[in-house]
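What follows is one structure encoded as structure tokens, with my remarks underneath.
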Amino acid sequence: RAKANGRGQAIEYDPELDQERQRIAELESLLKNAISSGAIEAVFQPLVSASTGAVTGLEALARWRTEAGNVSPEIFIPLAERCGLIDALGVHMLRTSIEHAKNWPDLALSVNVSPVQLCNPEFAAEVISVLQELDFDPNRLTLEITEGVLMTNPDQARRSIDQLKRVGIKFALDDFGCGYASIGALRQFGFDRMKIDRSLVSALDQGANGADVLRATISLASALKIPVTAEGIENSHQAAILRDAGCDQLQGYLIGKPMSAHDISGKLREDAAA
Ligand code: C2E
Ligand code: MG
Ligand code: MG
Ligand code: MG
């Protein structure tokens, strides 16, 4: 099974690794086509006011449906980041979600942005030009980012964030509590909102101090006057604790799953009639 390389050393031929590489290469080329043909779609998950239960915003989430089944964003986002497709994917998601959001003029729109995008010096200008072209109010847009970028390239991240905040775009720190992001980062980068990761929310069902951790986290954010969204709420017990702890916005399957633009429009009509 071993074959010799140029320097005469034996290197192991690993058929499984080879297959894996080939699979990734195929997936990359499929993804490239999917992005350019518009096959990556946006679904929308409601963000509701913790006090009234009214839908105040929507988070756009990318979906890739292939003949072989759906590919999770947990797979294709990192893939796009690695193979240089994330900028194209990101702009596509921004465009399609804004086009849909124009049908829901009373609601805010949240779009996820990869750390890799934020580190691209062209990113801010590109976002601003998409907003202008589509005539979308920047004050309605929140960009959700995870903390990774704040560690790897804080200077470029900050330049992008500052430039976009100047035109009225807001920033949410996503998945707070599952990585290294500190309360300090919230302040340092001027985040407008903290999103508590669903792992902290699901911990409420497992043990006694889950609620204490959440309350402490939320009170730190409120000390900085930063409002908090809780993600991944699946039952009313969790919702009650979070509301009580001072969370002002709730999100999760209990409230609404991610839905197609068509289904969101239907839900909004029902809500308005009720
Ligand atoms: P995220 O931004 O933290 O989004 C929340 C994830 O939790 C979504 O998974 C959503 O479907 C899921 N979720 C919401 N409520 C519940 C719940 O009650 N229970 C459970 N178990 N899950 C819930 P999804 O759509 O698979 O996306 C996963 C991640 O992929 C996102 O996490 C985000 O980091 C990334 N992602 C998705 N779309 C995009 C995109 O357009 N651009 C970028 N850069 N990343 C994206
Ligand atoms: Mg998000
Ligand atoms: Mg999140
Ligand atoms: Mg996440």
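The values are calculated or read from the model by the stated rules, or taken from the named source; none is laboratory data. This one's a predicted model, so the numbers in the text were calculated from it and none came from an experiment. Every residue, glycine as well, gets a Cβ built from its backbone with ideal geometry; the counts of neighbours run over all protein chains shown. These accessible areas exclude ligands, DNA and RNA; they are computed on the full protein's heavy atoms, side chains included. Shrake-Rupley method; radii C 1.70, N 1.55, O 1.52, S 1.80 Å.
Data table
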read-out: Flag if residue 23 is out of contact with any Lys or Arg (no Cβ under 7 Å at 6 or more places or on another chain), at negative phi, at pLDDT below 90 and charged (D, E, K, R); value: yes
read-out: Residue, least open to solvent (accessible area, probe 1.4 Å), within the range 133-168, restricted to residues that are among the hydroxyl-bearing types (Ser, Thr, Tyr) and away from ligand 3 (no atom under 16 Å from the Cβ); value: 160
read-out: Residue in the range 134-152 that is nearest to residue 193 (Cα to Cα), counting only those that are of a type in the set (D, E, K, R) and either within 15 Å of ligand 1 (Cβ to nearest atom) or part of a helix (DSSP H, G or I) (or both); value: 144
read-out: All positions within the range 231-241 that are in contact with an Asp or Glu (Cβ under 9 Å, 6 or more places away or on another chain) and within 16 Å of ligand 2 (Cβ to nearest atom); value: 231, 232
read-out: Evaluation of residue 179 against (1) farther than 23 Å from residue 58 by Cα; (2) assigned to a helix (DSSP H, G or I) (one fails), failing number; value: (2)
read-out: Pairs where the first residue, in the range 216-232, is on the phi > 0 side of the Ramachandran plot and the second is open to solvent by 50 Å² or more (accessible area, probe 1.4 Å) and part of a helix (DSSP H, G or I), C-beta under 8 Å, 6+ apart; value: 232/198; 232/199
read-out: Filtered residue count, the range 65-74, keeping only those that are in a helix (DSSP H, G or I) and in contact with a Leu (Cβ under 8 Å, 6 or more places away or on another chain); value: 1
read-out: Residue 255 in contact with a Ser or Thr (Cβ under 9 Å, 6 or more places away or on another chain), open to solvent by 40 Å² or more (accessible area, probe 1.4 Å) and of a type in the set (Val, Ile, Thr); value: no
read-out: Scope the range 248-274; condition part of a loop (DSSP other than H, G, I, E, B), more than 16 Å from ligand 2 (Cβ to nearest atom) and under 16 Å from residue 52 (Cα atoms); matching residues; value: 248, 254, 274
read-out: Some residue of the range 180-190 being crowded, with 18+ Cβ neighbours inside 10 Å and touching a residue at least 40 places away in the same chain (Cβ under 8 Å); value: yes
read-out: Options 57, 84; residue that is surrounded by 12 or more Cβ atoms within 10 Å (Cβ to Cβ) and of a type outside the set (Phe, Trp, Tyr); value: 57
read-out: In the range 184-204, the residues that are part of a loop (DSSP other than H, G, I, E, B) and touching a Lys or Arg at 6+ places or on another chain (Cβ under 8 Å); value: 189, 190, 192
